[in-house]
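**Student:** There's a structure below that I have some questions on.
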Amino acid sequence: MKITIEHHEETYTYESEYDSMGMSDVTEKLYGLCIAAGYHPDSVGECFFEKGREMTEHLYPDDKMEEEDAMCYLGEGETILVKSRYNEERKFTIIAKDCIEYSFNDDGHVGCCRNDDGSLESVDPSGGPYIGIGTNLGEVHKDLEDLTVTEITRSDTGLGYYYLTVK
């Protein structure tokens, strides 16, 4: 298999000795080529996530809550459950007015991007949802509307627990 991107008179190519690859491998290689071509990792990740969600929303009709099922007020300790594309549970627990714990049990395949200073730029468990600096959590669940992620830190207790500072 061969994937080529021609951008600004430059050519970026990935070649494999195999004739075929799984879709996750193709996506990973295409992501890497986009980064090599100069696109920002966050932009590429968000675009992949948004396009994937847009193109497959018909496969997951149960992911949408009815208006009357929504919580009216979120207080400390309350948890919002969201399902990944693979029907895995994701939890958003309100820790404080500016802090949400993002947790999940299936922590085997978690993509993370880091800034130059080593801080987390994004976290993306297999099946999503992708959360990055600048993400409006209202896109994940309407009860988190108007909460924008400003910082992401990983819990010292291990993988699967991240703290989102929001404003």
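**Student:** I'm checking my understanding of the structure. Among residues of the stretch 137-149 that are outside any helix (DSSP H, G or I) and within 19 Å of residue 81 (Cβ to Cβ), which one is modelled with the lowest pLDDT?
**Tutor:** Looking at the filtered set, the residue picked out is 145.
**Student:** Six or more apart or on different chains, Cβ under 6 Å: which pairs go from a residue in the stretch 99-122 that's on the phi < 0 side of the Ramachandran plot to one that's modelled with pLDDT of 95 or more and part of a loop (DSSP other than H, G, I, E, B)? Could you list them?
**Tutor:** Qualifying pairs under 6 Å: 121/133.
**Student:** Here are the criteria: (1) closer than 20 Å to residue 136 by Cβ; (2) at pLDDT 90 or above; (3) in the same structural domain as residue 6 (by TED's automatic domain parsing). Tell me which single one residue 41 does not satisfy.
**Tutor:** (2)
**Student:** From 12, 31, 18, which residue is among the aromatic types (Phe, Trp, Tyr) and exposed (fewer than 15 other Cβ atoms within 10 Å of the Cβ)?
**Tutor:** Details: 12 fails: exposed (fewer than 15 other Cβ atoms within 10 Å of the Cβ); 31 fails: exposed (fewer than 15 other Cβ atoms within 10 Å of the Cβ).
When all the criteria are applied, what remains is 18.
**Student:** Restricting the first residue to the stretch 42-60 and requiring it to be farther than 15 Å from residue 129 by Cβ, which pairs with a second residue that is not basic (Lys, Arg) meet a Cβ separation below 6 Å and a spacing of at least six or different chains?
**Tutor:** Short answer, once both residue conditions are applied: 44/31; 44/34.
**Student:** Same structure, new question: So if I check each of 110, 149, 123, which one is within 27 Å of residue 23 (Cβ to Cβ), buried (at least 20 other Cβ atoms within 10 Å of the Cβ), touching a Gly at 6+ places or on another chain (Cβ under 9 Å) and of a type in the set (Val, Ile, Thr)?
**Tutor:** 123
**Student:** Moving on. Do the conditions hold for residue 153, that is, is it assigned to a strand (DSSP E or B) and not hydrophobic (A, V, I, L, M, F, W, C)?
**Tutor:** On the way: assigned to a strand (DSSP E or B): yes; not hydrophobic (A, V, I, L, M, F, W, C): yes.
Yes.
The values are calculated or read from the model by the stated rules, or taken from the named source; none is laboratory data. For clarity, every value in this text was computed on a predicted model and none was experimentally measured. No Cβ is skipped: glycine too gets one built from the backbone with ideal geometry, and neighbour counts run over all protein chains shown.
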